[in-house]
Structure formats: structure tokens, C-alpha cells
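Throughout, read-outs are computed from the coordinates displayed, never taken from laboratory work. The shown structure was predicted, so the numbers you read here are calculated from the model rather than taken from an experiment. Methodologically, a virtual Cβ is constructed for each residue, glycine included, from the backbone with ideal geometry; neighbour enumeration extends over all protein chains shown.
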Amino acid sequence: MEALPRVTKVKVVRPYVLDLEFSDGTRREVDLEPKIQRGRIYDALKDPEFFAQAYTDGESVAWPNGADFAPEFLYHDAK
């Protein structure tokens, strides 16, 4: 079974939008605004300054409060 690509680079383009590079070389610009409007764990991400603290944890994208997104969501489902 082919391994799911990991997020290797993350850059905040503007509030709620990330430019992601994956381990297979794929790049995607992902708008997370619709997703962070749901779910309490994402409340802190509504603050653009906090959102800008996004980093790769070696698998996906994460923030200092423990919020993250599954790499398969970012690779396949995020628009």
C-alpha cells in the first residue's frame, strides 16, 4: 500500500489560507476558513495572528494549541 504523503512545508499565504508542499512534491493552496468555523478546537485559529503560527509536525499542519488537520484531509479533501 502506498504511504500517504506528508506535509513537508507550510507557508501562510493570508489568513486561513496555507500553501502546502507534500513529500511527493505536490503543492496545494488550501483555504481552511470554512473548516475552522466549525469545532471548538479551531476557535483559536479564527485569530489571524494565531493562525499564522502554523507549522509542520512532520506529518501534517499543527498549531501551538494542539489543533491540527489530518494529512489525508489536506491532500485529498481540502479545497
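Of note:
- Within the chain, helix-based [θ] at 222 nm, where runs of 4 or more DSSP H residues each add -39,500 (n - 2.57), nearest 500: -1500 deg cm²/dmol
- Computed from the Cβ-Cβ distance with R0 of 25 Å, the FRET efficiency linking H76 to I41 stands at 0.75.
- Converting phi to 3J(HN,Hα) with the Karplus coefficients 6.51, -1.76 and 1.60 and the offset θ = phi - 60°, the stretch 36-52 yields 6, 6, 10, x, 5, 4, 8, 3, 5, 6, 5, 7, x, 5, 6, 4, 5 Hz in sequence order, with x at every glycine or proline.
- Amide H within-cut-off set for T8, under 5 Å, with H built and near neighbours excluded: E21, F22, S23
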